[in-house]
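Below you'll find the structure, written out as structure tokens, and then a few comments.
The values are calculated or read from the model by the stated rules, or taken from the named source; none is laboratory data. Fair warning: this is a prediction, and the values are worked out from it, not measured in the lab. When we count neighbours, we look across all protein chains shown, and the Cβ atoms used for this are built from the backbone with ideal geometry, even at glycine. Accessible surface is based on the protein model in full, side chains and every heavy atom, while ligands, DNA and RNA are left aside. Shrake-Rupley method; radii C 1.70, N 1.55, O 1.52, S 1.80 Å.
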Amino acid sequence: MGKRNRKIIITIDGYSSCGKSTFAKAIATELKYIYIDSGAMYRAVTLFALRHGLVTGGVADEERILGAMPEISISFRPDLETGFPATYLNGEKVEREIRDREVSNNVSPVSTIAGVRARLVELQRAMGEGGGVVMDGRDIGTVVFPDAELKIFMTARPGVRAQRRYLELVSKGLPADREAVVKNITDRDRIDSSREASPLRRAGDAVILDNSDMTPEEQMVWFRELYQRRMNES
Ligand code: DC
């Protein structure tokens, strides 16, 4: 395979509701890469913990969640309807359930648990092994794939992010309350950035994309230019 056609690993990290997954999916479609939503894995563990009373009201029972990890199996399987991988928890499709408000409100405390992260990072590395992958999350360029060839760090103004999240909930017919959305985004940013285990931060070699005033098409124009440059360089 020629250098330019080789399949690389692309990492996309950044704050909540920046449009990481929309952007990552568009890239995966264009390059015929596999899209992996690492946040869905933390959400699946959180859903399991909620169902078993291991996390409630934003407080996680660390020891019992760690003890339950061997019982938790997470996988992605192709979804013909969306064209993207859907998340499965112990064989059950949970793509919709993991986006519920209860999960959003409890996922940050669950993802601060170092043992949970270690297990999920192991799975993520195995999934990206052969390249041809776009993975989004918080620590993909820093911890999961520190040697990835192309790293992007996404950001947008908090007001813009809250509005996007609100519209997303409304479009899905889910309960949406502006104040609650702002609070959830601010809380998650704070916990994700200040936790001890793999906090959200930009990798030194990640390129920043502030998409506050950009359309999805403009982001793709930006990406194509970056991608071409990177493939020509190496
Ligand atoms: O991308 P998302 O909003 O669906 O992610 C949900 C939560 O999972 C997020 O608040 C923090 C956590 N997460 C993480 O700690 N590390 C990742 N690589 C991805 C997500």
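Taking the stretch 74-122 as the range and being assigned to a loop (DSSP other than H, G, I, E, B), more than 10 Å from the ligand (Cβ to nearest atom) and either open to solvent by 50 Å² or more (accessible area, probe 1.4 Å) or not aliphatic (A, V, I, L, M) (or both) as the test, the residues that pass are 79, 80, 81, 82, 83, 84, 90, 91, 95, 96, 100. Among the residues of the stretch 3-19, those that are more than 12 Å from the ligand (Cβ to nearest atom), open to solvent by 30 Å² or more (accessible area, probe 1.4 Å) and part of a loop (DSSP other than H, G, I, E, B) comprise 6, 7. On the given criteria, is residue 178 among the basic types (Lys, Arg) and over 15 Å from the mean Cα position of the chain (by Cα)? Spelling it out, residue 178 is indeed among the basic types (Lys, Arg) and over 15 Å from the mean Cα position of the chain (by Cα). Entry remark, the stretch 169-189: residues being without any contact (Cβ under 8 Å) to a residue 24 or more places away in the chain and either surrounded by 13 or more Cβ atoms within 10 Å (Cβ to Cβ) or in contact with a helix residue (DSSP H, G or I) (Cβ under 7 Å, 6 or more places away or on another chain) (or both) number 5 in total. For the stretch 195-218, check the following and say yes or no: at least one residue is among the aliphatic types (A, V, I, L, M), within 22 Å of residue 26 (Cβ to Cβ), touching a residue at least 12 places away in the same chain (Cβ under 8 Å) and open to solvent by 70 Å² or more (accessible area, probe 1.4 Å). Checking the stretch 195-218: at least one residue is among the aliphatic types (A, V, I, L, M), within 22 Å of residue 26 (Cβ to Cβ), touching a residue at least 12 places away in the same chain (Cβ under 8 Å) and open to solvent by 70 Å² or more (accessible area, probe 1.4 Å). Just one of the listed residues (29, 22) is within 16 Å of the ligand (Cβ to nearest atom), surrounded by fewer than 17 Cβ atoms within 10 Å (Cβ to Cβ) and within 23 Å of residue 211 (Cβ to Cβ), and it is 22.
When 101, 96 are checked against the criterion of being over 16 Å from the mean Cα position of the chain (by Cα) and modelled with pLDDT under 95, 101 stands alone in meeting it.
Of all residues in the stretch 127-143, those that are without any contact (Cβ under 8 Å) to a residue 60 or more places away in the chain have Cβ atoms under 6 Å from Cβ atoms of residues that are open to solvent by 10 Å² or more (accessible area, probe 1.4 Å), 6 or more apart or on another chain, in 143/198. Mind listing just one residue for me: the one in the stretch 20-57 that is assigned to a strand (DSSP E or B) and over 19 Å from the mean Cα position of the chain (by Cα) and, of those, farthest from residue 138 (Cα to Cα)? So, considering only residues that are assigned to a strand (DSSP E or B) and over 19 Å from the mean Cα position of the chain (by Cα), the one farthest from residue 138 (Cα to Cα) is 56.
Applying the condition of being within 21 Å of residue 38 (Cβ to Cβ) and acidic (Asp, Glu) to the stretch 165-193 and asking which residue is nearest to the ligand (Cβ to nearest atom) yields 192.
Only one of the numbered conditions (1) in contact with a Leu (Cβ under 9 Å, 6 or more places away or on another chain); (2) small (Gly, Ala, Ser); (3) within 24 Å of residue 146 (Cβ to Cβ) is not met by residue 24, and that is (1).
Does the stretch 129-148 contain any residue that is in a helix (DSSP H, G or I) and away from the ligand (no atom under 14 Å from the Cβ)? Before you say what the answer is, go through the steps one by one.
So the first thing to find is which residues in the stretch 129-148 are in a helix (DSSP H, G or I), and the list is 140-144.
Among the residues that remain, those that are also away from the ligand (no atom under 14 Å from the Cβ) are: none.
The answer is no, given that none of the residues of the stretch 129-148 is in a helix (DSSP H, G or I) and away from the ligand (no atom under 14 Å from the Cβ).
Please pick out the residue among 107, 94 that is over 26 Å from residue 7 (Cα atoms), in contact with a Phe, Trp or Tyr (Cβ under 6 Å, 6 or more places away or on another chain) and hydrophobic (A, V, I, L, M, F, W, C). Going through 107, 94 in turn, just one is over 26 Å from residue 7 (Cα atoms), in contact with a Phe, Trp or Tyr (Cβ under 6 Å, 6 or more places away or on another chain) and hydrophobic (A, V, I, L, M, F, W, C): 107.
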